[in-house]
Every structure is written in structure tokens, then in C-alpha cells.
Amino acid sequence: MRRKCVLITGAGGFIGSACAEEFVRRSWDVYMMFRRNRPGVSGCARCLQADITDAGRMREIFAAFGPFDAVAHCAGRASDIGRESDFRGSILRGTINIAQCVRRQGTGRLVHISTTDVYGLRDFHDAGEDQPLRNWPGNPYQKYKILAERAVVRHLEGRQRVILRPGVVWGAGDRMILPRMVRFLNQRGLVVHFGRWRGRNRWPAANVRNVARAAYLSAVMEQAAGQVINVVDPVRVTMDEYWRRIVGAVAGAPSSDRSICLPYAAGWLYAQASSLVGKICGLDYAPADPSVYALHMISRDLDFSSRKLQELFESAGEKFVTVEEGLAELTRQWNSGSDGGKVAIGNNKTVNGNGVGNPFGPLEAQR
């Protein structure tokens with residue numbers, strides 16, 4: 001019997017590689033498409049180097065290796081700052097190219113990885129997928145993620161698409177976000193919170209293995225067809241808990257007296273200056289944290305509902321990776337030195353990671 005096959009875009013990134021591993025584990029044939037960072041996934045997988053903005057190359061790949069039973073679209077630029085043309089190309093143009101190929105070939109289903117950032121950077125309380133989408137003018141990222149979602153809906157029928165909106169993705173294998181957060185903690189020597197929530201605001205953590213599992217279930221479960229689903233861990237975590245449990249798992253958890261709460265205005269001028277320098281220098285990130293985008297994120301109550309996701313997992317008989325399991329995996333990977341380079345964090349310790357970019361910025365597909 002023919003094995004099912006999936007194409008994964010952005011497979012060299014954090015989320016894309018986790019999706020590849022999940023489909024390999026399910027005994028699918030996996031085609032991993034990457035632009036820059038070659039994936040390290042073994043098993044029933046094949047690497048394809050390509051740029052999703054190249055429509056001709058996308059048609060060639062679909063013609064040569066399809067038909068695919070599913071496509072997990074994880075590729076796209078994710079950074080705090082940058083030229084609008086770069087976001088437009090990798091997020092919007094790339095998504096349109098993929099959606100058109102899916103429609104033309106009759107691929108089983110496109111699982112489009114979006115983000116909870118499309119709801120806007122504001123306070124939420126148990127917010128479901130019916131929230132209106134709001135662009136934040138400070139960064140083109142949200143604008144083009146919203147437009148990419150609309151392009152998927154415009155090009156594909158409900159049975160051909162699922163849109164997943166992960167929150168802030170964490171877990172073993174992160175070579176970009178967590179190392180920078182560890183560096184921030186080491187440089188400041190304490191946890192810093194901004195605004196009225198004083199660290200009690202919800203941080204929409206999503207373990208990368210739960211995101212990958214959601215992508216697989218979205219590809220195979222009939223009830224997922226045409227749905228938009230928030231992907232956040234069912235156990236809710238505050239901003240302060242995220243720092244102390246997840247960042248602390250690799251940096252050494254700070255004690256309760258090593259934190260400070262500052263007014264939002266105190267961080268605003270600093271963030272504006274840092275973001276401006278980054279833009280002038282043509283960087284993808286602010287040279288010092290937080291950036292303006294980051295400041296908005298860490299000072300808001302990003303409390304999103306995971307009810308639809310839990311129903312999907314329950315229908316499939318799947319279990320979530322718990323916070324404890326994720327922390328254990330993260331600590332083992334960090335201590336083993338098996339993922340990426342070394343970043344000094346002080347106290348004669350080192351942590352893994354060779355990433356660049358702002359630790360609090362939009363996290364989607366790191367290619």
C-alpha cells in the first residue's frame with residue numbers, strides 16, 4: 001500500500017523541523033523544503049532546497065514529487081523589524097504560491113501555520129478564534145500574516161485547508177528565541193516586567209511538539225477541515241512563570257527577589273530607540289531588548305482559548321506534551337550541547353544556540 005506523503009515548507013526552522021519529525025514518526029514519507037538551513041531530520045525524509053517566493057520552482061516541486069496528501073506550510077519571515085518587501089515576499093507571496101499549487105494539484109489538505117499575533121497586541125481573556133483580526137502598524141509581520149490567511153481562504157475550499165494559530169512556541173530545538181532570552185536574563189541579572197500586569201499577564205506558550213502534533217491531526221482529521229484553531233498549551237502560564245520555569249530550566253531559575261516591575265512608559269523610550277537603531281542599521285532585530293514589538297507583547301495579557309485544540313486532540317485520542325515533559329526535554333537538550341553552538345551565560349555556564357533576533361519577537365517559522 002502506498003505510504004502517505006507530506007511536503008513541509010520551512011523545514012529547516014524550529015516549527016518546520018518538529019513537524020517533519022512528527023510526520024516521520026507517523027510513518028509518512030516527508031519532503032522537507034528549506035531555503036537556507038538544511039534540516040537534520042532522519043528517517044523517511046527527503047530534503048528539497050527552494051525559495052517559496054519562486055512560483056516556477058514551486059510548480060516544479062509539486063509536479064515532480066506530488067501529489068502530496070498534505071502540505072504543512074511553516075515558512076515565512078518572523079522578526080521584530082525589517083523591510084516590508086521581505087515580509088510581503090516570504091509571507092504573502094510564498095503562501096499564495098503554495099496555495100495555488102495545492103489547488104492546481106488537488107493536494108489533500110494545506111495546513112497553514114499562522115500566529116495568534118493576527119489578533120493584535122492587546123489584552124485578551126479566554127479569546128477564541130472568532131476574535132477580529134487587527135493589524136499592528138509597528139511591524140509588517142502581522143499585516144502579512146493576516147493577508148496570507150485571507151489568501152489561503154480565497155484560493156482553497158474549506159475541505160482543503162486548516163489554519164493553525166500558534167502562540168509563543170517553546171521547547172527543545174529552539175536555536176533562536178530561548179538563547180536570546182537567556183542572554184537577556186544573564187545581562188540584566190533579574191526578570192523585568194513592564195506595565196500594569198506586573199508579570200501576571202498570560203503568555204501564550206505552545207510547546208513545539210504540541211504544535212507539530214496539531215499540524216499532523218489537522219492534516220488527517222476530517223473535523224479539522226476548514227477550521228481555524230488556536231494552538232496554545234492547555235495549562236496556562238503567566239509571563240512571570242514563563243521566565244522562571246522555561247527560561248530558568250536552562251539558565252537557572254532566578255529567586256523571587258530577582259525581579260522588577262517598571263511602568264510601561266519607562267520601557268517605551270528605550271524600546272523606541274533600540275528599534276530605530278535596528279532599522280537604520282538594516283537589522284532583523286533591535287540591538288538591545290526589548291524592541292517596541294516585544295514591549296507590546298510582554299506587557300499584554302495574551303490569554304487565548306485552547307478549547308478547539310483540546311477537542312481535536314480528544315477526538316483523535318492524542319495527549320498533549322505537558323509543561324513538565326517539555327521542561328525535561330529542554331533541559332536534557334540544553335545540557336547535552338547537542339543543538340547548535342554555545343552562548344555564554346555567565347557563572348562559567350554555557351547554553352546551546354546560534355540564533356539571532358529578538359527573543360520576544362514574533363515566532364513562527366525560522367528557516
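Read the figures in this text as sums done on the coordinates, not as results from a lab. A quick note: this is a predicted structure, and the numbers were derived from the prediction, not measured. Every residue, glycine among them, receives a Cβ derived from its backbone with ideal geometry; neighbour counts consider all protein chains shown.
Listed values for the stretch 275-289 are Karplus-derived 3J(HN,Hα) couplings in whole Hz (6.51 cos²θ - 1.76 cosθ + 1.60, θ = phi - 60°), namely 5, 5, 4, x, 5, 4, 7, x, 8, 8, 8, 6, x, 9, 8, and x replaces Gly and Pro.
The string of couplings for the stretch 290-303 from the Karplus curve (6.51, -1.76, 1.60, θ = phi - 60°) is x, 7, 4, 4, 5, 4, 4, 5, 6, 9, 10, 8, 8, 9 Hz, one whole number per residue in order, with x for Gly and Pro. Overall, the chain carries a charge dipole of about 660 debye about its Cα centre when +1 sits on the Cβ of Lys and Arg and -1 on the Cβ of Asp and Glu, all other atoms neutral. Simple spin-label estimate for ARG36 and ALA273 gives 2.9 nm between the two label positions (7 Å along the Cα-to-Cβ direction from each Cα).
Ranking VAL71, VAL220 by Cβ neighbours within 10 Å, fewest first, what do you get? The partial results should precede the final answer.
Details: VAL71 28, VAL220 16.
If I rank by nearby Cβ atoms, fewest first, I get VAL220, VAL71.
Do any trypsin sites (Lys or Arg not before Pro) in the stretch 296-335 lie in a DSSP loop with no more than 13 other beta carbon atoms within 10 Å, and if so, which?
Those satisfying the criteria are LYS319.
Extension gain for ARG3 to ARG258 (0.36 nm times residue separation, less C-alpha to C-alpha distance): 86.5 nm. Placing unit charges on each Cβ (+1 for Lys and Arg, -1 for Asp and Glu) gives the stretch 167-274 a dipole about its Cα centre, and among GLY267, ASN210, GLY199 the Cα reaching farthest toward its positive end belongs to GLY267. For the peptides 150-156, 59-65, 29-35, the ranking by packing is 29-35, 150-156, 59-65, with the highest mean count of neighbouring Cβ atoms within 10 Å listed first. A crude spin-label estimate for the pair ARG104 and GLU318, with each label 7 Å from Cα along the Cβ direction, gives 3.0 nm. For VAL191, the residues 5 or more places off, or on other chains, whose built amide H falls under 5 Å of its own are SER259, ILE260. Dipole size of the stretch 74-128 about its Cα centre, with +1 on Lys/Arg Cβ and -1 on Asp/Glu Cβ: approximately 460 debye, rounded to the nearest 20. Once both labels are positioned 7 Å from their Cα atoms along Cα-to-Cβ, the gap between ASP54 and ARG332 label points is 3.8 nm.
When 1/r is averaged over all different Cα pairs and the result inverted, which Kirkwood radius in Å belongs to the stretch 70-175?
Details: mean 1/r = 0.0689 Å⁻¹.
The Cα-based Kirkwood calculation yields 14.5 Å.
Mind sorting out which of [x] 5, 24, 30, 22, 14, 5, 0; [y] 5, 26, 36, 24, 8, 1, 0; [z] 5, 19, 26, 30, 17, 3, 0 is the real P(r) over Cα pairs in 10 Å bins from 0, in percent computed from the coordinates? The listed entry that was calculated here is [y].
Under the convention that each Lys and Arg Cβ holds +1 and each Asp and Glu Cβ holds -1, the size of the dipole of the stretch 160-298 around its Cα centre is about 120 debye. Convert 25 °C to kelvin, take the viscosity as 0.890 mPa s, use the Kirkwood radius over C-alpha pairs of the stretch 1-159 as Rh, and evaluate the Stokes-Einstein diffusion coefficient in µm²/s, rounded to a whole number. Answer from the Stokes-Einstein relation: 152 µm²/s. Axis angle, to the nearest 10 degrees, between helix 177-188 and the longest C-alpha principal axis of the chain: 0 degrees.
Summed over qualifying helices (DSSP H, 4 residues or more, each -39500 (n - 2.57)) and divided by its residue number, the chain shows a 222 nm mean residue ellipticity of -11000 deg cm²/dmol.
Taking amide H positions as modeled 1.01 Å from N, with prolines and chain starts lacking one, the residues under 5 Å from THR238 and 5 or more places away or on another chain are TRP203.
Calculate the FRET efficiency for CYS47 and SER85 from the Cβ-Cβ distance with a Förster distance of 35 Å, rounded to the nearest 0.05. Walk me through the numbers on the way to the answer.
Details: r = 28 Å, r/R0 = 0.79.
The value I calculate is 0.80.
Considering the stretch 153-272 at the alpha-carbon level, its Rg and Dmax are found to be 17.9, 54 Å.
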